[in-house]
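Input: a single structure, listed below in structure tokens.
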Amino acid sequence: MNDQREDGAAAELIRLGVDHRVWDRFFQVSPLVVVGTKELDGSFDLAPKHMVTPLGWDNFFGFVCTPAHGTYVNARREGAFTVSFPRPSQVLSASLAAAPRCGEDEKPSLALLATRPATVVEGVLLKDAYLHFECRTEKIVDGFGRNSLIAGRIVEALVEEDAIRRSDRDDQELLMEAPLLAYIAPGRYSEVNQTMAFPFHEGSSR
Ligand SMILES: Cc1cc2nc3c(=O)[nH]c(=O)nc-3n(C[C@H](O)[C@H](O)[C@H](O)COP(=O)(O)O)c2cc1C
């Protein structure tokens with residue numbers, strides 16, 4: 001497909017087709033979180049997820065997960081999950097949480113992750129992450145191929161002191177001091193500490 005760019009040069013658009021997954025052919029930016037759930041034996045599971053999103057402006061949060069994962073089964077059975085947003089310095093912790101299960105379906109790598117108890121739901125939070133949500137499972141929508149959307153109602157949110165926005169604190173300075181971890185799918189990550197104010201149109205609203 002040919003199109004005309006502003007500078008007059010021809011820009012090629014490449015058709016990817018949809019007979020295979022499109023996601024590996026370009027980069028996208030996402031948050032990277034660690035979802036915590038309670039296992040059947042009373043222990044806690046942690047798993048990284050990047051297909052995550054606020055669900056509107058009210059306090060709902062969703063992530064995509066396959067029913068084949070322990071996280072899905074636990075969030076459905078227990079009716080609760082936690083979400084921790086790791087800092088860039090914790091990228092290895094996020095990776096360790098995805099190590100394969102072995103033996104009795106256990107994930108021994110989780111022993112290396114420092115956690116603290118959740119405050120409202122039964123669960124754990126990844127220690128030193130800058131933001132945590134404690135959620136009650138609200139709705140599970142199956143059927144996106146092999147994947148499902150797990151939607152939760154946020155029943156508590158906890159932010160580390162250095163990451164909280166305040167009226168007496170410059171947003172850009174905050175991000176320099178407490179940078180964000182971005183997952184650049186597929187397979188890369190970035191530390192976000194340089195940002196610019198969005199050029200909102202005067203009078204624009206949500
Ligand atoms: C960087 C990264 C991002 C991931 N994002 C997702 C995701 O958004 N959804 C998903 O279902 N799995 C995702 N995974 C894979 C699972 O979280 C992973 O397989 C996990 O170990 C499953 O554990 P569980 O069986 O304890 O739930 C991701 C893995 C990595 C390393």
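The values are calculated or read from the model by the stated rules, or taken from the named source; none is laboratory data. As the structure is a computational prediction, the values presented were derived from the model and not from experiment. Quick reminder, even Gly has a Cβ in these numbers, built from the backbone with ideal geometry, and neighbours come from all protein chains shown.
Contact map, segment 70-97: first residue more than 25 Å from I140 (Cβ to Cβ), second residue modelled with pLDDT under 95 and within 12 Å of the ligand (Cβ to nearest atom), Cβ cut-off under 8 Å, separation 6 or more or different chains; pairs are L96/S109; L96/L110. Does V159 satisfy the criteria of being under 23 Å from Q90 (Cβ atoms), surrounded by 13 or more Cβ atoms within 10 Å (Cβ to Cβ) and in contact with a Leu (Cβ under 9 Å, 6 or more places away or on another chain)? Against the criterion (under 23 Å from Q90 (Cβ atoms), surrounded by 13 or more Cβ atoms within 10 Å (Cβ to Cβ) and in contact with a Leu (Cβ under 9 Å, 6 or more places away or on another chain)), V159 qualifies. Restricting segment 71-90 to residues that are within 11 Å of the ligand (Cβ to nearest atom) and surrounded by 20 or more Cβ atoms within 10 Å (Cβ to Cβ), which is farthest from the chain's Cα centre (by Cα)? Checked segment 71-90; the qualifying residue farthest from the chain's Cα centre (by Cα) is N74. When each of V141, V64, V91, V52 is tested for being in contact with a Pro (Cβ under 6 Å, 6 or more places away or on another chain) and of a type in the set (V, I, T), the lone residue that passes is V52.
Is it true that A68 is under 16 Å from the mean Cα position of the chain (by Cα) and assigned to a loop (DSSP other than H, G, I, E, B)? Answer is no for this residue.
Here is a yes/no grid of residues against (1) modelled with pLDDT of 95 or more; (2) under 30 Å from R21 (Cβ atoms); (3) more than 14 Å from the chain's Cα centre (by Cα):
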| site | (1), (2), (3) |
| --- | --- |
| A99 | no, yes, yes |
| A111 | no, no, yes |
| V121 | yes, no, yes |
| E134 | yes, no, no |
| V141 | yes, yes, yes |
| L149 | yes, yes, no |
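Restricting attention to segment 52-63 and to residues that are of a type outside the set (G, A, S) and crowded, with 16+ Cβ neighbours inside 10 Å, the residue that is farthest from the ligand (Cβ to nearest atom) turns out to be F60.
For segment 26-51: of the residues being of a type in the set (D, E) and not in a strand (DSSP E or B), which is farthest from the ligand (Cβ to nearest atom)?
Just the residues of segment 26-51 that are of a type in the set (D, E), to begin with: 39, 41, 45.
The next check asks that each one be not in a strand (DSSP E or B); those that pass are 39, 41.
Details: E39: 8, D41: 13 Å.
Step by step, filter segment 26-51, then rank; the result is D41.
The set of residues in segment 12-66 that are of a type in the set (G, A, S) and touching a residue at least 60 places away in the same chain (Cβ under 8 Å) comprises S30, G36, G62.
Residue-by-condition table, conditions (1) in contact with a Lys or Arg (Cβ under 9 Å, 6 or more places away or on another chain); (2) among the aromatic types (F, W, Y):
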residue	(1), (2)
A10	no, no
W57	yes, yes
H69	no, no
P88	no, no
S95	no, no
A99	yes, no
C102	no, no
D105	no, no
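None of L32, L16, L96 is over 27 Å from L113 (Cβ atoms) and touching a helix residue (DSSP H, G or I) at 6+ places or on another chain (Cβ under 6 Å) except L16.
Does E177 fit the bill of being over 22 Å from S43 (Cα atoms) and acidic (D, E)?
yes
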